[in-house]
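In what follows, a single structure is set out as structure tokens and then discussed.
The values are calculated or read from the model by the stated rules, or taken from the named source; none is laboratory data. Predicted model only: the values in this text are computed from it and were never measured. When we count neighbours, we look across all protein chains shown, and the Cβ atoms used for this are built from the backbone with ideal geometry, even at glycine.
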Amino acid sequence: GNSVTQMEGPVTLSEEAFLTINCTYTATGYPSLFWYVQYPGEGLQLLLKATKADDKGSNKGFEATYRKETTSFHLEKGSVQVSDSAVYFCALRGISSGSARQLTFGSGTQLTVLP
Amino acid sequence: ETGVTQSPTHLIKTRGQQVTLRCSSQSGHNTVSWYQQALGQGPQFIFQYYREEENGRGNFPPRFSGLQFPNYSSELNVNALELDDSALYLCASSFSTGDNSPLHFGNGTRLTVT
């Protein structure tokens, strides 16, 4: 079945530091890949996505590149801000999901950015 | 544009009881999915409804059931509650089942089973 393995946290960085959160996946075929962010007390928000190999998703300074050869979708940001503090989830939607838009999530990485 | 709203925000139930959680989808959305998020874990897919029919289900027992109404709002029902059902239940809607229609999540219902 499909699975997502995410870098375990928590991750604590100083403001303006470089961020990398690792994500690797197992799936048959060519899944679509996503990063979601969850702020305290809120639901999940889509941060970025990539639907095919070598695609780069980007939003709000965050980037992730779909690497089929390493089955990875690592999240990066060049300079984090205090407001980026949240839990980040890597997710995939595989072709075995049928007609349902089932997302398979990683366990999440808590990011805390200190001023 | 009204987003996805869920009610109640918090709920406490006793083991063995039944619970109903409600979700109003975003305007124009006809697809609703439910996810269970245990503390410190990623969300797990429960099921999805499209135009009032269940069209996909995750690895959850039959005591988890749902409904979608003609206005596309939805309910999640859980019978014979167990302690392990304590979690954040998230509802997500989209305007179709295709990949180009992103999921919009509500803020969730926090269920505690004692």
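One line per residue, one yes/no per condition, for (1) at pLDDT 95 or above; (2) over 14 Å from B:Leu103 (Cβ atoms); (3) not hydrophobic (A, V, I, L, M, F, W, C):
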| residue | (1), (2), (3) |
| --- | --- |
| A:Ala27 | no, yes, no |
| A:Tyr30 | no, yes, yes |
| A:Glu42 | no, yes, yes |
| A:Ser58 | yes, yes, yes |
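Answer with yes or no whether A:Ser83 is away from chain B (no Cβ under 14 Å), surrounded by fewer than 20 Cβ atoms within 10 Å (Cβ to Cβ) and farther than 24 Å from B:Leu39 by Cα. Judged against the criteria, A:Ser83 is not a match.
Counting only residues that are within 19 Å of A:Ala53 (Cα to Cα) and exposed (fewer than 15 other Cβ atoms within 10 Å of the Cβ), the stretch A:8-31 holds 4 of them.
Could you list, in sequence order, all residues of the stretch A:70-97 that are of a type in the set (D, E, K, R) and at pLDDT below 95? Residue satisfying the conditions is A:Arg93 alone. Hey, can you tell me all the residues within the stretch A:1-23 that are of a type in the set (A, V, I, L, M) and either in contact with an Asp or Glu (Cβ under 9 Å, 6 or more places away or on another chain) or modelled with pLDDT of 95 or more (or both)? Across the stretch A:1-23, the qualifying residues are A:Val4, A:Val11, A:Leu13, A:Ala17, A:Leu19, A:Ile21. Number of residues in the stretch B:49-79 that are in a loop (DSSP other than H, G, I, E, B) and not hydrophobic (A, V, I, L, M, F, W, C): the value is 12.
Residues that are among the polar types (S, T, N, Q) and without any contact (Cβ under 8 Å) to a residue 24 or more places away in the chain were ranked within the stretch B:49-70; the one that is surrounded by the most Cβ atoms within 10 Å (Cβ to Cβ) is B:Ser65. Within the stretch B:87-114, the only residue that satisfies the criterion of being surrounded by fewer than 17 Cβ atoms within 10 Å (Cβ to Cβ), at pLDDT 90 or above and assigned to a loop (DSSP other than H, G, I, E, B) is B:Thr114. Scanning the stretch B:26-47 for residues that are within 7 Å of chain A (Cβ to nearest Cβ), within 17 Å of B:Asp84 (Cβ to Cβ) and touching a residue at least 40 places away in the same chain (Cβ under 8 Å) turns up just one, B:Pro43.
Of the residues making up the stretch A:34-45, those that are within 11 Å of chain B (Cβ to nearest Cβ) and within 12 Å of A:Leu92 (Cα to Cα) are A:Phe34, A:Tyr36.
So is B:Ser25 more than 25 Å from A:Phe89 (Cα to Cα) and of a type outside the set (Val, Ile, Thr) or not? I'd like the intermediate steps shown before the answer.
Working: more than 25 Å from A:Phe89 (Cα to Cα): no; of a type outside the set (Val, Ile, Thr): yes.
Against the criterion (more than 25 Å from A:Phe89 (Cα to Cα) and of a type outside the set (Val, Ile, Thr)), B:Ser25 does not qualify.
What number of residues within the stretch B:5-25 satisfy the criterion of being in a loop (DSSP other than H, G, I, E, B) and either acidic (Asp, Glu) or more than 14 Å from B:Leu88 (Cβ to Cβ) (or both)? I'd like the intermediate steps shown before the answer.
As a first pass, look at the stretch B:5-25 and keep what is in a loop (DSSP other than H, G, I, E, B): B:8-9, B:14-18, B:25.
Filter once more, so that each one left must be either acidic (Asp, Glu) or more than 14 Å from B:Leu88 (Cβ to Cβ) (or both): B:14-18, B:25.
Selection size over the stretch B:5-25: 6.
Exactly one residue out of A:Pro115, A:Pro40 is in contact with a helix residue (DSSP H, G or I) (Cβ under 6 Å, 6 or more places away or on another chain) and touching a residue at least 40 places away in the same chain (Cβ under 8 Å), and it is A:Pro115. Name the residue that is farthest from B:Pro102 (Cα to Cα), counting only residues in the stretch A:98-114 that are more than 7 Å from every other protein chain (Cβ to nearest Cβ) and modelled with pLDDT of 95 or more. Residue satisfying both the conditions and the ranking: A:Leu114. Screening A:Thr26 on (1) of a type in the set (Val, Ile, Thr); (2) away from chain B (no Cβ under 14 Å); (3) under 23 Å from B:Ser94 (Cα atoms) shows it passes everything except condition (3).
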